[in-house]
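The values are calculated or read from the model by the stated rules, or taken from the named source; none is laboratory data. Treat the numbers as computed from the prediction; the structure is a model and nothing was measured. As a convention, Cβ positions derive from the backbone with ideal geometry for all residues, glycine included, and neighbour counts pool all protein chains shown.
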């Protein structure tokens, strides 16, 4: 039976699907690249938030402290707003009594209050390391200007974010040496993930609160104007991503009431940078961050300050080319999928892509601290595309190929055999194996003489009708059709499925061929045509049955001495008065058919005599065996 090599191994099938699968893989890489350098992959921020939450370090950060005007402080000292003198007391205690290195107020005072308290704050802000706050507005819907901004630094915007308005302190506090911006721009989902480290407003630049505090604590600031990329990853729009490397529990938070009551050990604050703000819901300084849906704005500035301190101390994670790593990972998975999609089952490919996705999640969790701009969802988007497009396509191609191959196989093997092959679920049912088979070889005697005088169409029709008389009985008896030989065929039983009664099945097929030929010749006689004679040789024995051939073409066949004997018996039939000549191997295995001995002869290639048999007439059939 002439079959293409896909029946033996996958490579030819992979050739037919290679181009579309490579295109699918290329599209996956393009999606990964788009996720890194284009508009961004859907779900990236959602995934990044959860990875950050998992990796947040709770180890204490002893370089800074937070003073919280919390609910307990308001309950103890009275509701907000507090007298300005109390705020001045708080700042003086922190700087003088507790030895804080510098203090920043995450509070804005747009209106003057008690003169003495304002004067004390102004003095500290002008001559001491006290940083005041002002909130720039970036929305631009309505021009907003409340209070009087501090002087800032004149210059071009550079990488600063342009503000449209400001809520500043009143004019009495405007001479402050340092002020920090506490305004922010939330993402579209309301999350605060980025801060404008520098703001440009009315031709002047202003740092964010954490950067201003760091500069106030240093006589000679070592930080670049926008903060280093190693500390806070940038997006190219002036907004710098806060790494949120530490959990909120990592920061020392002290109630403001405890400071004012002098209940705090000095070593908790000595030499530290201190942020003063409020977590009270009544003050409305609450934002959503990756670490919590409701976070005090004070903690956001603390996270930014920690990152700046890490960078200055050389403790920030070393920068890595996250986008390039993500793209290389995506390309590796796509190339691996291009190989496996056409060669492995759908389930195996799903498992591969699932494992690749888990591997990327682990890699992304390690990579995010080193590159704040890497898109963590890009490779997952590419994997999902391979899962949604590549796996179904490969599965469909596999099914189409299977249907085609099964259709081809059913032309040569009985349906019952094909069904049994499918049920057996063999890994390679057509692989060559040594087995016992019975071979039947049949052809038309005098074929050339019968068709020589016929037109081509009639000769072809005669051949088809004759071969049909041979083929139907073979398939009805579950035989495997090896090949057509022009005016005949070769068939065998016992492979690809082993059967105990292969000899009797072959003999039954021979009897069926004889009956079909009798009917065929009767029809020819009615038309005044000469009868046709079929010669059949049958022998059983050990043979090698399987898919043989080259990478270009292969054939499922049986080879062995018994096959050669069957061929010689079929040739010998032309010299005998018997249409069916059976060898001793088949005679020894026959159980349901009666055989008649018709002599013996020396076959070509044999030294000893070979006993010959034929089928007894149907009316003489019995339990089987030799008569």
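Summary of values
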quantity: Residues of segment 482-527 classified as closer than 21 Å to residue 590 by Cα and outside any loop (DSSP other than H, G, I, E, B), total; calculated: 18
quantity: Qualifying position, being within 14 Å of residue 208 (Cβ to Cβ) and either in a helix (DSSP H, G or I) or touching a helix residue (DSSP H, G or I) at 6+ places or on another chain (Cβ under 9 Å) (or both), among 124, 132; calculated: 132
quantity: Options 567, 554; residue that is in the same structural domain as residue 616 (by TED's automatic domain parsing), within 21 Å of residue 477 (Cβ to Cβ) and at pLDDT below 95; calculated: 567
quantity: Residue tally, condition surrounded by 17 or more Cβ atoms within 10 Å (Cβ to Cβ) and closer than 18 Å to residue 109 by Cα, over segment 149-161; calculated: 3
quantity: Residue match in segment 268-276 (condition: at pLDDT below 90 and part of a strand (DSSP E or B)); calculated: no
quantity: Every residue from segment 422-445 that is surrounded by 14 or more Cβ atoms within 10 Å (Cβ to Cβ) and at pLDDT 85 or above; calculated: 435, 436, 437, 438, 439, 440, 441, 442, 443, 444, 445
quantity: Residue 119 being under 48 Å from the mean Cα position of the chain (by Cα) and either in the same structural domain as residue 209 (by TED's automatic domain parsing) or closer than 26 Å to residue 240 by Cβ (or both); calculated: no
quantity: Evaluation of residue 264 against (1) buried (at least 17 other Cβ atoms within 10 Å of the Cβ); (2) at pLDDT 90 or above; (3) outside any loop (DSSP other than H, G, I, E, B) (one fails), failing number; calculated: (3)
quantity: Boolean, residue 279 is assigned to a helix (DSSP H, G or I) and either touching a helix residue (DSSP H, G or I) at 6+ places or on another chain (Cβ under 7 Å) or not assigned by TED's automatic domain parsing to the domain that holds residue 26 (or both); calculated: no
quantity: Residue in segment 522-542 that is assigned by TED's automatic domain parsing to the domain that holds residue 469, surrounded by fewer than 17 Cβ atoms within 10 Å (Cβ to Cβ), touching a strand residue (DSSP E or B) at 6+ places or on another chain (Cβ under 9 Å) and farther than 27 Å from residue 459 by Cβ present; calculated: yes
quantity: Total residues in segment 482-493, condition in contact with a strand residue (DSSP E or B) (Cβ under 7 Å, 6 or more places away or on another chain) and surrounded by fewer than 20 Cβ atoms within 10 Å (Cβ to Cβ); calculated: 2
quantity: Set 240, 308, 299: member being modelled with pLDDT under 95 and part of a strand (DSSP E or B); calculated: 240
